[in-house]
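The values are calculated or read from the model by the stated rules, or taken from the named source; none is laboratory data. Since the structure is predicted, the reported quantities are computational estimates derived from the model, not experimental observations. Methodologically, a virtual Cβ is constructed for each residue, glycine included, from the backbone with ideal geometry; neighbour enumeration extends over all protein chains shown.
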Amino acid sequence: MGIYFNDKKAMVLGALVADAASLGLHWLYDVNRIAEIEQKKGLIFLQPDANHYADGKGYYAHGNKQTGEASAYGEACLLMLKQLADHGQFNCQVYQAAYCGFFGPGGKYIGYVDSPTRQTLAVLLAAKDNNYPERSGADDDQHPALATIPALVAAHCGSREELLATVDTAARITSNNELAVNAARSLAVTLHSLLAGESLQTALQNGITCSEDVLATRLEAAVTINKLPTAEVGEKFGRACHVQEGLPVVFHIARHTKNYQSAIQENIRVGGDSCGRAIALGAIMATSAAGTSESIPLPWLARYARLAEVADALAHAVKE
């Protein structure tokens, strides 16, 4: 059972709910262990448990998290949404200040801090009088570059060219790396195309067309090959935190999966950085199915811990 939201609000909720749903098995790379856990407990909204990672390939990062909470990716997406709600438009230094205040020392964030975030915080904290450099991010091609894109696209009211200029700036706040920015642009164009009424297949192709070099080649392969078994998706494209691994997995699942629920479950089964991929995949699948029973299941929305907070921010940041 799904619930109706307009496509822009579905985009952000789809990203955030998918991230939270994936948290319990995030960074577990052992697909056989994931299959065993699924048989016993299911896949979504699991309480993070160190026993799931014992003697398996993976990294247990969320021992201080509870069911329904967000990873750092989900927190960054929500932080951007709140800044857009408060200020009406994206402002680089405003978001940098909020990012530093939230993820930095004394901030509200409690949880694992990855390498791109640590490097970004080092730059921001060293800035005098909050005079932040626009390109404050690490030279790193990991998934933080994609985390804020659903919120930015959903709140954007201008042209595609204006959107891409904003995405370039926003991505470089945490990821001053050409491959990372390339992936952020590809995701933004895919989502923007869905909002414009394009089919999912056309939107994915538009995202490929705007990408470059190795990423374009891998994305093209992801949507043109036949559906792979779950284990083979990760083997072919990679399960780690890098965008040239994660975004092709997202495009492959989106191309070959019929609805939001099945797509997010398939993403968890792939293993690895499932939360990093979930932001992009959840936004794509929820937007493409907005207003239908194939979008976000109501029980999943109810289990997301920050739903009321997000609803308030969406009301101010996203125009009907």
Cross-chain or 6+ apart pairs with Cβ under 6 Å, region 283-308 first and charged (D, E, K, R), then buried (at least 17 other Cβ atoms within 10 Å of the Cβ): 294/259; 303/45; 303/68
Filter result for the condition that a residue is over 14 Å from the mean Cα position of the chain (by Cα), surrounded by 17 or more Cβ atoms within 10 Å (Cβ to Cβ) and hydroxyl-bearing (Ser, Thr, Tyr), over 295, 262: 295
Selection within region 296-320 - of a type in the set (Gly, Ala, Ser), part of a helix (DSSP H, G or I) and within 19 Å of residue 261 (Cα to Cα): 302
Right, residue 203: part of a helix (DSSP H, G or I) and buried (at least 24 other Cβ atoms within 10 Å of the Cβ) or not? no
Being in contact with a helix residue (DSSP H, G or I) (Cβ under 7 Å, 6 or more places away or on another chain) and over 20 Å from residue 13 (Cα atoms) is the requirement here; does residue 248 meet it? yes
Contact list, first residue from region 223-246 and surrounded by 15 or more Cβ atoms within 10 Å (Cβ to Cβ), second anywhere and assigned to a loop (DSSP other than H, G, I, E, B) and hydroxyl-bearing (Ser, Thr, Tyr), beta-carbon distance below 7 Å, six or more apart or interchain, is 239/29
Would you mind stating whether residue 278 is in a helix (DSSP H, G or I) and free of Cβ contacts under 8 Å to residues at least 60 places away in the same chain? no
Subset of region 1-29 that is part of a loop (DSSP other than H, G, I, E, B) and farther than 20 Å from residue 143 by Cα - its residue that is modelled with the lowest pLDDT: 1
Residue set 308, 290; condition over 15 Å from residue 46 (Cα atoms) and surrounded by 24 or more Cβ atoms within 10 Å (Cβ to Cβ); output residue 290
What do you reckon, is residue 190 modelled with pLDDT of 95 or more, over 27 Å from residue 290 (Cβ atoms) and either touching a strand residue (DSSP E or B) at 6+ places or on another chain (Cβ under 8 Å) or assigned to a helix (DSSP H, G or I) (or both)? no
Is it the case that some residue within region 241-256 is of a type in the set (A, V, I, L, M), assigned to a helix (DSSP H, G or I), within 26 Å of residue 69 (Cα to Cα) and in contact with a His (Cβ under 7 Å, 6 or more places away or on another chain)? yes
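Table: residues versus (1) assigned to a helix (DSSP H, G or I); (2) of a type in the set (Asp, Glu); (3) in contact with a helix residue (DSSP H, G or I) (Cβ under 7 Å, 6 or more places away or on another chain).
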| residue | (1), (2), (3) |
| --- | --- |
| 40 | yes, no, no |
| 48 | no, no, yes |
| 54 | no, no, no |
| 74 | yes, no, yes |
| 80 | yes, no, yes |
Which helices (runs of 4 or more DSSP H) does region 90-181 wholly contain that include 2 or more residues that are surrounded by 22 or more Cβ atoms within 10 Å (Cβ to Cβ) and at positive phi? none
All but one of (1) without any contact (Cβ under 8 Å) to a residue 24 or more places away in the chain; (2) under 30 Å from residue 194 (Cα atoms); (3) of a type outside the set (S, T, N, Q) hold for residue 24, so report the exception by its number. (1)
Test residue 291 against the stated conditions and say whether it is on the phi > 0 side of the Ramachandran plot and either out of contact with any helix residue (DSSP H, G or I) (no Cβ under 6 Å at 6 or more places or on another chain) or not in a loop (DSSP other than H, G, I, E, B) (or both). yes
If you check 304, 260, which single one turns out to be at pLDDT 95 or above, among the aromatic types (Phe, Trp, Tyr) and touching a Ser or Thr at 6+ places or on another chain (Cβ under 7 Å)? 260
Which one of these does residue 86 not meet: (1) crowded, with 17+ Cβ neighbours inside 10 Å; (2) in a helix (DSSP H, G or I); (3) acidic (Asp, Glu)? (1)
